[in-house]
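The values are calculated or read from the model by the stated rules, or taken from the named source; none is laboratory data. All values derive from a computational prediction rather than experimental measurement. Every residue, glycine as well, gets a Cβ built from its backbone with ideal geometry; the counts of neighbours run over all protein chains shown. Ligands, DNA and RNA are excluded from the accessible area calculation, which covers all protein heavy atoms including side chains. Shrake-Rupley method; radii C 1.70, N 1.55, O 1.52, S 1.80 Å.
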Amino acid sequence: MTDHQNGRRLASGPWRRLRLSSLRVRLVAVFAVVALAAASSASGIAYWLNRDAVLKRAQDNALTDFRGSLTRNVSNLPLGASCADLAQFASDVATFGLSYSVVVVDRNQPDCVADSTPRFTINQVPPTLVAAVAKARPVGAGNDFAHHLYWQRVNIGGEPFVVGGTEIVPTGLTAYMFKSLDNERADLNTLGWSLAVATLLALIAATLLAQAASATVLRPVRQLADAAKRLGEGQLDTRLEVSGADELSDLARTFNRTAEALHGQVEELSAREAQSRRFVADMSHELRTPLTAMTAVTDILEDEAESLDPMIAPAVRLVVSETRRLSDLVENLMEVTRFDAGTARLVADEMDIADLIMSCIDGRAWYDAVEVDAPRGVLAVVDPRRLDVVFANLIGNALKHGGSPVRVKVTQLPQEIVVAVSDSGPGIPEDVLPHVFDRFYKADKGRARSEGSGLGLSIAMANAQIHGGTITAANAPAGSGGGAVFTLTLPVAPPEPGGAAAAGEDGTAGTRGATGTTGTTDGTERRPRR
């Protein structure tokens with residue numbers, strides 16, 4: 001098996017359900033995105049609310065304790081306190097309550113900076129906080145004190161701290177507090193991880209829920225798709241089981257009504273088509289008997305035409321010509337009905353394609369107007385009589401509507417044989433090309449009555465298709481002389497019995513099987529008039 005076939009099998013197997021464009025994947029993705037957005041939003045809000053609450057509680061407790069400790073210990077400070085006294089004062093304030101460090105600055109002793117621990121100095125206090133502490137506020141309504149306790153959160157050495165500061169009135173001292181928030185940060189990190197895990201669990205739960213929901217919702221959709229596929233394959237009795245009163249049930253009911261209506265219309269059309277085919281077949285059979293007698297009479301009249309009155313001879317010749325034309329039309333109709341009824345069969349044998357082409361040309365005396373490029377030894381298993389019909393149609397059509405020289409070229413490929421018939425005419429109009437193999441189609445609508453019936457190319461296509469081949473029509477490039485090119489493609493061996501390619505997929509004729517006999521065609525009208 002080739003890589004291409006492997007890839008196609010994967011695409012049509014279980015992996016097909018996981019393609020990104022499937023409704024299941026999109027539904028799961030929507031559920032996951034909504035769940036992720038909701039869980040992330042809720043977790044983010046919860047984190048920030050808890051963060052503000054934890055930090056506010058820690059800093060409020062530290063600032064309140066710092067203010068109370070200053071109030072209790074400032075009375076023990078002697079007048080004109082020395083730098084050593086200030087160091088003791090800072091130590092007493094720091095060790096009285098919560099665990100924090102204190103730095104005391106005396107305006108009267110600029111060189112004296114007392115700290116409870118050597119870790120912190122006045123240089124680590126943010127300048128904005130120093131400026132706010134030193135600035136006196138006007139005392140008045142709504143403000144009873146000139147100095148207040150200020151605070152600010154900072155990072156010192158990668159560790160979060162809340163730094164508070166205030167003036168100690170009237171001593172001229174300024175005290176600063178350094179309270180670590182590292183414990184609170186650890187608590188917040190733990191909270192963040194917990195919320196992240198909760199978000200992940202919510203996402204997993206939403207995905208599983210979406211999978212379950214999609215299985216429930218998409219099961220009727222998949223059943224509808226399978227039913228539509230079977231209906232498209234011709235199983236017109238396909239129906240869906242309907243239960244419930246939701247939108248999908250309404251859709252199933254609509255599908256059943258549509259399938260029922262389509263079934264009825266197809267049966268009616270099939271009955272009409274079968275009736276039309278029977279009518280054509282019966283008419284053709286009924287016409288053959290009188291036509292046989294008429295043909296015998298016209299043969300006699302044709303032999304005696306030279307001895308008839310000059311006024312009667314043209315009429316006799318016209319009757320002979322039209323009788324033969326009617327006979328050919330009946331034979332063509334009989335051939336078409338055989339294809340439509342599926343009774344056309346191949347009598348196949350291994351033949352040389354070059355011999356068949358030369359036999360067709362010699363039998364119709366076309367050898368002076370046809371150039372043949374067909375090497376000997378190109379063998380294929382074909383029905384020689386049917387292939388003669390195809391060659392007669394293509395070459396006769398080229399001579400009649402394209403003009404000589406007509407060129408026939410045979411090319412052998414590994415698994416098929418290609419026969420190209422080209423002429424020297426003006427080519428086929430582009431709007432006519434799609435219809436050249438249609439039954440009774442003629443390019444010149446103003447000349448609807450002509451020698452041909454418009455069935456020749458249709459029958460030629462059917463004969464090619466019963467061999468497992470096909471015929472295409474095109475115009476040669478302008479640089480190569482122009483003209484129409486009909487290309488017959490045949491397999492080296494025809495399809496197996498029962499598996500022959502059905503002729504008439506383009507609306508021309510159909511067939512089954514691979515053996516038996518068939519009718520003939522005259523090879524006169526093989527292409528629409530141009």
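Remark: accessible surface ordering of LEU86, LEU208 (largest first) is LEU208, LEU86, probe radius 1.4 Å. The average projected area of segment 188-263, computed from the convex hull of its Cα atoms over all directions, is 6.8 nm². In terms of packing, defined here as the mean over residues of other Cβ atoms within 10 angstrom, the peptides 61-70, 378-387, 219-228 line up highest first as 378-387, 61-70, 219-228. The fraction of accessible area contributed by carbon and sulfur in segment 348-395 is 48 percent, rounded to a whole number (1.4 Å probe; ligands and nucleic acids excluded). Residues MET177, MET351, MET311, ordered by accessible area of protein heavy atoms at a 1.4 angstrom probe radius and largest first, appear as MET311, MET351, MET177.
Say a paramagnetic label sat at a point 7 Å from the Cα of ARG67, along Cα to Cβ; which residues of segment 175-209 have their backbone N under 20 Å from it? So the set is 175-180. Rg of the Cα atoms in segment 341-439, relative to 2.2 N^0.38 Å, amounts to 1.14.
In the context of the full set of protein chains, residues of segment 56-177 present 54 Å² of accessible surface per residue (probe radius 1.4 Å, heavy atoms only). Rg/Rh for segment 166-325 stands at 1.75; both radii use Cα atoms, and Rh follows the Kirkwood definition. Peptides 98-105, 41-48, ordered by how many other C-beta atoms sit within 10 Å of their residues on average, highest first, read 98-105, 41-48.
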